[in-house]
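**Q** Pasting in a structure now, in structure tokens, and then I'll have a few things to ask.
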Amino acid sequence: TQLLEQSPQFLSIQEGENLTVYCNSSSVFSSLQWYRQEPGEGPVLLVTVVTGGEVKKLKRLTFQFGDARKDSSLHITAAQPGDTGLYLCAGAEGTYKYIFGTGTRLKVLA
Amino acid sequence: NAGVMQNPRHLVRRRGQEARLRCSPMKGHSHVYWYRQLPEEGLKFMVYLQKENIIDESGMPKERFSAEFPKEGPSILRIQQVVRGDSAAYFCASSLTGQGVSYEQYFGPGTRLTVT
């Protein structure tokens, strides 16, 4: 079974700061998804990256898939309190089974 | 609302009782997945179903747990004779197909099961 490690586990920053969250594995994934989960709710899909080296932007969020498709990063520019939440990466093992990371809990202070 | 629906949102059961969790996939989706999330842990895959078929149940405990996705109606995750260790959030996800980019999984709000 492939493992996904996310770092940091916890991050508390001031509004307006930039941050990067990392998702690493020793195994190759066919695709990787990033989700955000708020307390008491299910994960909400943010993006899917498929190609090694791929970069996708979603407003202030930039997602990158490593060249070898083993790792990914999420960069947030000028964080806002609304960005607060649990960020989860999930690697596709095969065609449908997702392996989830343990998450990065982000808190953005106003 | 065309999203994944789960009910109940909260379920309390005493040890030994049965728990039934329901999931209606997004409109047009015929693939359903169940995950379990323990406090402060990531989501763990349990089972993958298509209509009337269990495709992969490798993440589901062999005893007391079962899942179905009938031709008509929601998918159901059933836990018999619940124990305290079953307390967790159970999430259902659905996808358009089981392969390719279209297998992006969309999650429901979850059912929080508490066993007393």
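The values are calculated or read from the model by the stated rules, or taken from the named source; none is laboratory data. Because the structure is predicted, anything quoted here is derived from the model rather than measured. We place every Cβ from the backbone using ideal geometry, glycine too, and count neighbours over all the protein chains shown. To get the accessible areas, we keep the full protein, side chains included, count just its heavy atoms, and leave off ligands, DNA and RNA. Shrake-Rupley method; radii C 1.70, N 1.55, O 1.52, S 1.80 Å.
**Q** Taking A:ASP83 and the conditions (1) more than 27 Å from B:SER58 (Cβ to Cβ); (2) touching a Ser or Thr at 6+ places or on another chain (Cβ under 7 Å); (3) charged (D, E, K, R), which numbered condition does it fall short on, given that it satisfies the others?
**A** (2)
**Q** Just one of A:GLY82, A:GLY40, A:GLY91 is assigned to a strand (DSSP E or B) and either open to solvent by 20 Å² or more (accessible area, probe 1.4 Å) or out of contact with any Lys or Arg (no Cβ under 8 Å at 6 or more places or on another chain) (or both); which is it?
**A** Criteria check complete, one pass: A:GLY91.
**Q** Could you tell me which residue of region A:24-37 is surrounded by the most Cβ atoms within 10 Å (Cβ to Cβ), considering only residues that are within 11 Å of chain B (Cβ to nearest Cβ) and in a loop (DSSP other than H, G, I, E, B)?
**A** Out of the qualifying residues, it is A:SER31.
**Q** Here's something else I'd like to know. Could you say whether any residue in region B:13-36 is more than 23 Å from A:GLY101 (Cβ to Cβ), touching a Cys at 6+ places or on another chain (Cβ under 6 Å) and part of a loop (DSSP other than H, G, I, E, B)?
**A** no
**Q** Name every residue in region A:6-23 that is hydrophobic (A, V, I, L, M, F, W, C) and surrounded by 13 or more Cβ atoms within 10 Å (Cβ to Cβ), in order of residue number. First the steps, then the outcome.
**A** Here is the first cut: in region A:6-23, the residues hydrophobic (A, V, I, L, M, F, W, C) are A:10-11, A:13, A:19, A:21, A:23.
Answer for region A:6-23, where residues must be hydrophobic (A, V, I, L, M, F, W, C) and surrounded by 13 or more Cβ atoms within 10 Å (Cβ to Cβ): A:LEU11, A:ILE13, A:LEU19, A:VAL21, A:CYS23.
**Q** Still on this structure, I have one more. I'd like to verify a number: residues in region A:47-78 that are hydrophobic (A, V, I, L, M, F, W, C), within 11 Å of chain B (Cβ to nearest Cβ) and part of a strand (DSSP E or B), how many? Show your work before the answer.
**A** The first filter runs over region A:47-78 and keeps only residues hydrophobic (A, V, I, L, M, F, W, C), leaving A:47, A:49-50, A:55, A:58, A:61, A:63, A:65, A:68, A:74, A:76, A:78.
When the remaining residues are screened for being within 11 Å of chain B (Cβ to nearest Cβ), the result is A:47, A:49-50.
Then drop every residue that is not part of a strand (DSSP E or B), which leaves A:47, A:49.
Summing the residues that are hydrophobic (A, V, I, L, M, F, W, C), within 11 Å of chain B (Cβ to nearest Cβ) and part of a strand (DSSP E or B) in region A:47-78 gives 2.
**Q** I want to confirm something. Restricting to region B:1-20 and keeping residues that are touching a Lys or Arg at 6+ places or on another chain (Cβ under 9 Å) and among the polar types (S, T, N, Q), which single residue is nearest to the other protein chains (Cβ to nearest Cβ)?
**A** B:GLN6
**Q** Restrict the check to region B:21-31 and report whether at least one residue is out of contact with any strand residue (DSSP E or B) (no Cβ under 9 Å at 6 or more places or on another chain), within 13 Å of chain A (Cβ to nearest Cβ) and open to solvent by 50 Å² or more (accessible area, probe 1.4 Å).
**A** No, region B:21-31 contains no residue that is out of contact with any strand residue (DSSP E or B) (no Cβ under 9 Å at 6 or more places or on another chain), within 13 Å of chain A (Cβ to nearest Cβ) and open to solvent by 50 Å² or more (accessible area, probe 1.4 Å).
**Q** Run A:GLY53 past the list (1) closer than 30 Å to B:LEU49 by Cβ; (2) in contact with an Asp or Glu (Cβ under 6 Å, 6 or more places away or on another chain) and report the number of the one that doesn't hold.
**A** (1)
**Q** Of everything in region A:56-79, what is open to solvent by 40 Å² or more (accessible area, probe 1.4 Å) and closer than 30 Å to B:TYR48 by Cβ? Give them in sequence order.
**A** A:LYS56, A:LEU58, A:GLN64, A:ASP67, A:ALA68, A:ARG69, A:LYS70, A:ASP71
**Q** Based on what the data block shows, is A:LEU32 of a type in the set (A, V, I, L, M) and within 11 Å of the chain's Cα centre (by Cα)? Quick ask: steps written out before the conclusion?
**A** Numbers: of a type in the set (A, V, I, L, M): yes; within 11 Å of the chain's Cα centre (by Cα): yes.
So A:LEU32 passes the test.
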